[in-house]
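Rule-based calculations on the coordinates, nothing more; no lab input. Keep in mind that this is a model prediction, so the values were computed, not measured. Every residue, glycine as well, gets a Cβ built from its backbone with ideal geometry; the counts of neighbours run over all protein chains shown.
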Amino acid sequence: MTTFFLIAGCWVLVWALRSYDHKWLRRLGLVLFLFSCYFTIYLLTGSHAAGGVAALLWLLLPIAEIFGRLRSRAFPTTREWINGGAPGSQRFPHLDTWSEELEQNGYDWVQDLHFDWEETSQFIRIYHRRGESTEAAICFQEQYGMGIGYLNFTTYLSEDDRPPYAYRTTNLPLSGGLAPAIGFRIQQHADADSARVLAKRHQDHLAFEMLEEAEALPLTEEGIPDLLQEEWEAQLMTNREAGFIKLHAQKEDHFVFTLKGCLRLYAKSLRDAFLHS
């Protein structure tokens, strides 16, 4: 009976900590979750090794997805963006709310774009406030019926003879599958659940970097979609040069993740689980 109450007490504490809307308490709950896995199996079997394996298995779960599926897949190097394709409110309930917030703050709708490939789909709604150099984007990515929505505020810099460098502020709680293009400085604020809050943090980010308005790339509504393609090409080049991806042996317009790239994804998945859980 004592064993039962010890196990139950650990898991109740895990549930309580993970329920708090405070990042450090939630992180403590994650650590306690791993300890509870170990402690539960240890109490039931009397083996420290069995308990350690139980906790370790949770840390190794991403390996099955990364090395078992991603490593063997070929991804297209080109993205054919198509107009339209906005997901419904049931799939992406924040779309209308964030769109209304941006429009109330003076942003004009530029374009809805979507990209579909096999079981993966990506949607971007682009906004721009006339006379300013910052682009706002509402993004939605969906794979195997599971989706995630987030906001981006991006200010591109005016630089010659190299891809456009940029400062970006996002509330995406996860790291991307590919490393960002060289020169893209990205700040993540997963707790910013409104466009107004994230826009303020983006401006604070620019002020901290002491970015002058004259350094920013003047944006036009017609030129924003072209920047998406330039950023994608720069991102692919960065990842190829870093050894994270390589061109597919048989399909030249596709790439695959290298062992180094898979190890990076695994490290990022553990980091995301701790920092943004």
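How do Ser99, Ser19 rank when sorted from fewest to most other Cβ atoms within 10 Å of their own Cβ?
Ascending number of Cβ neighbours within 10 Å: Ser19, Ser99.
Mind checking the angle between helix 224-242 and the chain's longest principal axis? C-alpha axes, 0 to 90 degrees, to the nearest 10.
Helix 224-242 sits roughly 50 degrees off the main axis of the chain.
Go ahead and estimate [θ] at 222 nm for the chain from helices alone: -39,500 (n - 2.57) per DSSP H run with n ≥ 4, summed, over the residue count, rounded to 500.
-15000 deg cm²/dmol
How do Met237, Met146 line up, fewest other C-beta atoms within 10 Å first? Working shown, then result.
Numbers: Met237 13, Met146 7.
The fewest-first ordering by Cβ neighbours comes to Met146, Met237.
Running Debye on the chain with equal point scatterers at the Cα sites and no solvent, what base-10 log of I(q)/I(0) appears at q = 0.09, 0.11, 0.13 Å⁻¹?
Log10 I(q)/I(0), no solvent term: -0.53, -0.76, -1.01.
GNM, the chain, Cα, under 10 Å: largest mean-square fluctuation among Tyr150, Tyr42, Tyr127?
Tyr42
What does the extension gain come out to for Ser72 and Val31, with contour length at 0.36 nm per residue minus their alpha carbon separation?
Gain on extension, Ser72 to Val31, equals 11.6 nm.
Consider a paramagnetic label point 7 Å from the Cα of Glu80 along Cα→Cβ; state which residues of the range 237-277 have an amide N under 17 Å from it.
252-255
Label the range 1-156 by shape, choosing from rounded, prolate and oblate, from the square roots a ≥ b ≥ c of the eigenvalues of the Cα gyration tensor; if a/c is under 1.5 it is rounded, and otherwise prolate applies when a/b is larger than b/c, oblate when it is not.
Prolate.
Over the range 73-198, what number does the Rg to Rh ratio reach, with both radii from the alpha-carbon atoms and Rh per Kirkwood? Can you show the working numbers first?
On the way: Rg = 14.8 Å, Rh = 15.6 Å.
A ratio of 0.95.
Please list, by residue number, everything in the range 246-270 whose backbone N is under 17 Å from a paramagnetic label point 7 Å out along Cα→Cβ of Leu60.
263, 266-267, 270
Using the alpha-carbon atoms, what tilt in degrees (0 to 90, nearest 10) does helix 195-208 show relative to the longest principal axis of the chain?
That works out to roughly 80 degrees.
What order do you get for Phe67, Phe153 when you list them from fewest to most C-beta neighbours inside 10 Å?
If I rank by nearby Cβ atoms, fewest first, I get Phe67, Phe153.
Where does helix 23-45 land angle-wise versus the long Cα axis of the chain, in degrees 0 to 90, nearest 10?
30
Which of Ala8, Leu25, Leu174 sits farthest toward the positive end of the charge dipole of the chain, with +1 on the Cβ of Lys and Arg and -1 on the Cβ of Asp and Glu?
Farthest towards the positive end: Ala8.
About its Cα centre, how strong a charge dipole does the chain have in debye, to the nearest 20, once Lys and Arg get +1 and Asp and Glu get -1 at the Cβ?
Computed about the Cα centre, the dipole is about 1800 debye.
Taking only C-alpha pairs under 8 Å that are 6+ residues apart, what is the relative contact order of the range 78-275 in percent?
15
Please identify the longest segment of the chain free of exposed trypsin sites (Lys or Arg not before Pro), where exposed means a DSSP state other than H, G, I, E or B and no more than 15 other Cβ atoms within 10 Å.
131-250
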